[in-house]
Amino acid sequence: MAESAQRLGLDWTLLYLGRSRESMAFTERVEALGNRAVIRADDTDGTPTIRKILGRVRPETAIFVCGPEPLIEAALKKLANADQVEVHFERFSAPPIVDGHPFRIVLASSGEVIDVASDQSMLDAILAARPGTVHSCKQGFCGTCRLKVIQGEPDHRDSLLTPSERADGEILPCVSRAGQTLTVDL
């Protein structure tokens, strides 16, 4: 993205963070971008705070964040009330389940009941029972694992489905949950 922004003559900055420079991929490619790209390694530069990373964000700025969950959560929290700031993020893994409660899924095609543990995703529980179930990102943004809810109240935690898709009973089991029992079209 930085290379494209540079080719297009856009105003941009890249901050590439990592634990150590040796563990960071593409450092030569990042350095080739010039002084708009900064590489910071914790072992030589210290661990920065989100305040230091983002500083003051001007209105009409787009921020792209990818990385570990604590970094993303800190950035989202800092930018929650930022005026006219567009935030995009990509996780390296599914968000952790921090407030989960156990519930059950009923597979409509067979009547099979699957228990979902408080710290387990609905998709992982389904995969344990049906290993061939189609899925991809496990993060709530690709839609590959999309299911139809036949009965029950889902707790949507994805970033993909529209309000009308949710109202039509669609759910992404990779990140979404339920309060009690959910019957799905599977």
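Miscellaneous remarks
- Close Cβ contacts (under 6 Å, 6 or more residues apart or on different chains) running from residues in region 95-119 that are open to solvent by 40 Å² or more (accessible area, probe 1.4 Å) to residues that are among the acidic types (D, E) and in a loop (DSSP other than H, G, I, E, B) comprise I97/D119; A108/D185.
- Checked against (1) under 13 Å from F103 (Cβ atoms); (2) touching a strand residue (DSSP E or B) at 6+ places or on another chain (Cβ under 6 Å), A129 passes all but a single condition, namely (1).
- From G55, G67, residue being open to solvent by less than 50 Å² (accessible area, probe 1.4 Å), without any contact (Cβ under 8 Å) to a residue 12 or more places away in the chain and on the phi > 0 side of the Ramachandran plot: G55
- Checked against (1) in contact (Cβ under 8 Å) with a residue 12 or more places away in the chain; (2) surrounded by fewer than 18 Cβ atoms within 10 Å (Cβ to Cβ), A80 meets all criteria but (1).
- Residues that are touching a residue at least 60 places away in the same chain (Cβ under 8 Å), in contact with a Pro (Cβ under 8 Å, 6 or more places away or on another chain) and open to solvent by 60 Å² or more (accessible area, probe 1.4 Å), drawn from region 149-186: R157
- Considering A2, A62, the condition of being touching a strand residue (DSSP E or B) at 6+ places or on another chain (Cβ under 7 Å), modelled with pLDDT of 90 or more, within 28 Å of A80 (Cβ to Cβ) and exposed (fewer than 15 other Cβ atoms within 10 Å of the Cβ) is satisfied by A62 alone.
The values are calculated or read from the model by the stated rules, or taken from the named source; none is laboratory data. Keep in mind that what you see is a predicted model, and the values were worked out from it rather than measured. Cβ sites come from the backbone with ideal geometry, for glycine too, and all protein chains shown count toward neighbours. Each accessible area value is taken on the protein alone, full model and side chains, heavy atoms only, with ligands, DNA and RNA left out. Shrake-Rupley method; radii C 1.70, N 1.55, O 1.52, S 1.80 Å.
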